[in-house]
1. Going by amide H atoms built from the backbone, whose H comes under 5 Å of the H on E204, apart from near neighbours?
2. How large is the charge dipole for the chain, taken about the Cα centre, if only the Cβ atoms of Lys, Arg (+1) and Asp, Glu (-1) carry charge, to the nearest 20 debye?
3. How much of the accessible area of segment 193-304, probe 1.4 Å, is carbon plus sulfur, in whole percent?
4. For segment 42-96, give the magnitude of the charge dipole about the Cα centre (Cβ charges: +1 Lys/Arg, -1 Asp/Glu; no others), in debye to the nearest 20.
5. Would you be so kind as to identify which of C165, P61, H71 lies farthest towards the positive end of the dipole of segment 57-206, taking Lys and Arg as +1 and Asp and Glu as -1 on Cβ and the Cα centre as origin?
6. Using helices alone, I'd like the mean residue ellipticity at 222 nm for the chain: each DSSP H run of four-plus residues gives -39500 (n - 2.57), total over residue count, nearest 500.
7. Below 18 Å, Cα to Cα, which aspartates and glutamates can K41 reach? Residues fewer than 8 away in the same chain don't count.
8. Once the other residues with Cβ under 15 Å from the Cβ of L295 are scored (Lys, Arg +1; Asp, Glu -1), what is the net sum?
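The values are calculated or read from the model by the stated rules, or taken from the named source; none is laboratory data. Given the structure is predicted, the values throughout are model-derived calculations rather than measurements. Positions of Cβ are backbone-derived with ideal geometry, glycine not excepted, and every protein chain shown enters the neighbour counts. Ligands, DNA and RNA are stripped out before the accessible areas are found, and what is left, the full protein with its side chains, is counted by its heavy atoms. Shrake-Rupley method; radii C 1.70, N 1.55, O 1.52, S 1.80 Å.
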Amino acid sequence: MMKSAPITAKLTSQRKPFTDVVGLELGAGFAEGVPAVRLCKREGKTEVLAVGFLRLPDTVPDTAAAADAAHAQWQLPRPFQAPFAALAVTSKLAFLRNATGPDDEKSERKPTDFRSVSRISAPDLPAITAGLPEFQAAWAARLLVEGHRPTACSLQVSSAAAINCFTCAPAFNSVSGTAVSLFVFADHTALAAFHDSRLVLYREHPVGYNHLRVAVSAQMHIEPELADAVLEDTLIDPTPMLEPVLRPLFRQVEISSDYLQRRRNCQSKNFFVCGLPAGAKYWSTVFFHMMNLPLTVFSPFDGIAKSATADPGTATPFLMAAVGAARAVLEDV
């Protein structure tokens, strides 16, 4: 079965497969630090060796001048010193989209040079194109000190990295690679539609888990930081607060499902979501009311062996892009 190729720009080439990689998400903006996950692949089995947040400066420069002025270099703690690193970058200037035509990238005027990569999964499908400003790509590549572990081997847009969490998960094979999956970030949700293990449609919608926090805090007159506790509480049903926020997002899921039906002659009944820090059951409830179909939650670590010393715990949703970045490299053999 053919799988969607990872959307990753290689920074290091080697003849042997990558088997020990640390995934890092730059620019995530978490107070805890930089999401980091070290994965190792042995005899076809992927396991996590280290997981956590690293206290490192990761503010992504928004101009070429700021990138030139940035001189930060990272030295990772020993548990995260894999031979290679896969970098996922969260940036408002980055993009991931379906190309509108063969000359899509050339015809679009951009104020700065971009480093981009495209993948075509089938002759009758538009290419999926990812891009990052050249100055941000160069800044990211300089963060890791040359001659010290790890060496940067790939550069990915965070949304593209997250998709690999699904394509590498057991759930993807269980539905024969035909599904619509949601990847929830703080301020947006990425929607990816797959048919026969090929990524056929990608969209983004400006609703993320922070919007749910704001809705709950506004209506209950509490701080946004307390909203997750409400979303996990069984005493209060926050569905009436969440439904107006989620309905436009789920309408986009419905449109994506219709696309599979019209363009691919495939009626998808498989819908998944990843990246939710809280309230998954309410997402599923609203989704079922709209679509009359279940919305299944999956973890970025599904299919990965964990140990007591490397258990992500409640941090799991926030490690989605870091896990996906590493898995893209491990699986791209």
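1. It is L191, by chain and number.
2. 960
3. 51
4. 200
5. C165
6. -9000 deg cm²/dmol, from helical runs alone.
7. List returned: D20, D302, D311, E331, D332.
8. Combined, the nearby Lys, Arg, Asp and Glu give +2.
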